[in-house]
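*Asks:* Mind looking over this structure? Questions follow.
The values are calculated or read from the model by the stated rules, or taken from the named source; none is laboratory data. The structure displayed is predicted, hence computed values, not measured ones. FYI the Cβ positions are ideal-geometry reconstructions off the backbone, even for glycines, and counts take in every protein chain you see. Heavy atoms of the whole protein, side chains included, go into the accessibility calculation; ligands, DNA and RNA do not. Shrake-Rupley method; radii C 1.70, N 1.55, O 1.52, S 1.80 Å.
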Amino acid sequence: MPANERPEERSSDRPSERRSAARRSVVWDALQPVFAGADGLEVLDIGGGTGGFAVRVAELGHRVTVVDPSPDALAALDRRAREREVSVTGRQGELSSLVETFGSASADVVLCHGVLEVVEDSSAALSVLAEVLRPGGTLSLLVAQRHAAVVARAMAGHFQQARDLLDEAGQGRGGRRFTYDELLALLGSAGFGPTQVQAVRVFADLVPGSLLDLEPGATAALVELERAVAGRPEYRPLATQLHALASR
């Protein structure tokens, strides 16, 4: 994808992807400066599945390897990469085996989106990510945020699930959820330095899909609204996800 092309622009003619575009754009905005000023970075995308981010990064000229346990997802990744005429390597594997597979200090950038929720030990997982990153490398970490999950469960009438998510463990049926303070503490204990955290999907999950499909310009307006609140701490508890950029 050209550096100045935004996700919502590419998918604007496909109504089924408009909501996804609104969800992805804030994360992509934060990632672009990481990749724009460098050539040929070694990038590991952990749990990158079908390559939603990996293919875009490869289009910017970087070497990307997706590590995912699902062979079906990796097959879809291969198809997507071929359609976009870029090279992305797919490797079936788990986060816990990264160092054994790739070695210490082997990646300039690690993307770990939606994975920390489902691993058994979050602290151990972040330690692995820290070891596989080179000094000065960047971790892009996307996690589910607990406060919004509590509200979503309650609004859907799942009151016991909402109650279960209130405690410190933050473990629900869909995996672990994190607060902002918990996320910063985990990153700090794993040896990561200054961290930029932004709110993701503050409104995107609340807007009816029919509005995005039928109302001209609605997707672009929603994306701009998400961008406007992403860095505002008062909206952080409302966000479905938190996105952290942390240095090694």
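*Asks:* Roughly how many Å² of residue 35 are accessible to a 1.4 Å probe, to the nearest 10?
*Replies:* About 0 Å², rounded to the nearest 10.
*Asks:* Pairs of Cα atoms under 8 Å, at least six residues apart: use those to get the relative contact order of the chain, whole percent. Could you put the intermediate results ahead of the total?
*Replies:* Values: 461 pairs, mean separation 51.8, N = 248.
Contact order relative to length: 21 percent.
*Asks:* Suppose R0 equals 45 Å; then what is the FRET efficiency for residue 166 and residue 99 from their Cβ-Cβ distance, rounded to the nearest 0.05?
*Replies:* Details: r = 35 Å, r/R0 = 0.79.
Calculated transfer efficiency: 0.80.
*Asks:* When the gyration tensor of segment 192-240 is built from Cα positions, what are the square roots of 5 times its three eigenvalues, in whole Å, from largest to smallest?
*Replies:* Working: eigenvalues 129, 22, 13 Å².
After scaling each eigenvalue by five and taking roots: 25, 10, 8 Å.
*Asks:* Now for a separate question. On the protein heavy atoms, probe 1.4 angstrom, tell me the percent of accessible surface of segment 30-162 carried by carbon and sulfur. Provide the component values of the computation, followed by the final result.
*Replies:* On the way: 2880 of 5870 Å².
Taking all protein chains in place, segment 30-162 shows 49 percent carbon and sulfur surface.
*Asks:* Separate question: List the residues, sorted by chain then number, that are 5 or more residues from residue 94 or on another chain and whose placed amide H is less than 5 Å from its amide H.
*Replies:* Those qualifying (amide H under 5 Å, at least 5 residues apart or on another chain) number zero.
*Asks:* Go through segment 89-96 residue by residue and turn each phi into a ³J(HN,Hα) via Karplus (6.51, -1.76, 1.60, θ = phi - 60°); whole Hz please, and just put x for glycine and proline.
*Replies:* Residue by residue, segment 89-96 yields 8, x, 10, 6, x, 10, 4, 5 Hz.
*Asks:* Report relative contact order for segment 143-248 in percent, whole number only (criteria: Cα-Cα under 8 Å, sequence separation at least 6).
*Replies:* Details: 142 pairs, mean separation 39.1, N = 106.
Rounded, it is 37 percent for segment 143-248.
*Asks:* Please list, in order along segment 106-118, the HN-Hα scalar couplings obtained from phi with the Karplus expression 6.51 cos²θ - 1.76 cosθ + 1.60 (θ = phi - 60°), rounded to whole Hz, x for Gly and Pro.
*Replies:* Calculated HN-Hα couplings, in order: 10, 10, 7, 9, 10, 9, 9, 10, x, 10, 4, 5, 10 Hz.
*Asks:* Considering amide H positions built from the backbone, and no H for Pro or chain starts, which residues 5 or more places from residue 105, or on another chain, come under 5 Å of its amide H?
*Replies:* Placed amide hydrogens put 132, 133 under 5 Å from residue 105.
*Asks:* Here's a follow-up. Using the heavy atoms of the protein chains alone and a 1.4 angstrom probe, what is the accessible area of segment 193-248 per residue in square angstrom? List each step's numbers first, then the result.
*Replies:* Numbers: 2730 Å² over 56 residues.
I get 49 Å² per residue for this part.
*Asks:* Excluding residue 46 itself, calculate the net charge of residues whose Cβ lies under 10 Å from the Cβ of residue 46, where each Lys or Arg counts +1 and each Asp or Glu counts -1.
*Replies:* Working: positive: none; negative: 45, 68, 94.
Once positives and negatives cancel, what remains is -3.
*Asks:* Where the accessible area of segment 195-248 is counted over protein heavy atoms with a 1.4 Å probe, how much of it, in %, is carbon and sulfur? The partial results should precede the final answer.
*Replies:* Values: 1500 of 2590 Å².
Its accessible area is 58 percent carbon and sulfur atoms.
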